[in-house]
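Enquirer: Handing you this structure, nothing more for now.
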Amino acid sequence: MREQMGYQVRVDKDVCISSGKCVADAPATFRFDDDEIAEPTAGASTLSGDLLIEIARNCPSGAIQLFEQGVEVAVD
């Protein structure tokens, strides 16, 4: 999990289908791990909360989760 603009970003690796949408939309923030599952990057660029919410909403499997102060933020 990596913190971004007040949000913590998590990718549920059991739900991720490796579509690559998040990696294409924000390559400085998401990458593929060795198993081709998306993950937040270390040292990711700062994204606005609105952009993170949009990326999470556009995840085809719903694997991207955002948290604020430990509470999951509804993105749908």
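Enquirer: Which one is right for this structure if log10 I(q)/I(0) by the Debye sum over Cα atoms at q = 0.13, 0.14, 0.16 Å⁻¹ is calculated from it: (i) -0.30, -0.35, -0.47; (ii) -0.70, -0.74, -0.81; (iii) -0.65, -0.70, -0.80?
Expert: (i)
Enquirer: Considering only protein heavy atoms, what per residue accessible area in square angstrom results for the chain with a 1.4 angstrom probe?
Expert: Here the residues of the chain average 59 Å² of exposed surface.
Enquirer: Let me ask you something else. To the nearest 20 debye, what charge dipole does the chain have about its Cα centre, counting +1 at the Cβ of each Lys and Arg and -1 at the Cβ of each Asp and Glu?
Expert: In total the dipole reaches around 140 debye.
Enquirer: Next question, about the same structure. Any idea what angle helix 49-58 forms with the longest principal axis of the chain, computed on alpha-carbon atoms, 0 to 90 degrees, nearest 10?
Expert: The angle comes out near 40 degrees.
Enquirer: Still on this model: What is the spin-label model distance, in nm, from V75 to K13 if the labels are put 7 Å beyond Cα along the C-beta direction?
Expert: The modelled label-to-label distance comes out at 1.8 nm.
Enquirer: Kindly provide the helix-only [θ] at 222 nm of the chain, computed as the sum of -39,500 (n - 2.57) over DSSP H runs of four or more divided by all residues, to the nearest 500 deg cm²/dmol? Let's see the in-between values first.
Expert: Working: 2 runs with 15 residues, N = 76.
Here the helix-only value at 222 nm equals -5000 deg cm²/dmol.
The values are calculated or read from the model by the stated rules, or taken from the named source; none is laboratory data. Keep in mind it's a predicted model, so treat the numbers as computed, not measured. Glycine gets a Cβ as well: all are built from the backbone with ideal geometry, and neighbour counts include every protein chain shown. Areas reflect the complete protein model, heavy atoms only, side chains present, ligands, DNA and RNA absent. Shrake-Rupley method; radii C 1.70, N 1.55, O 1.52, S 1.80 Å.
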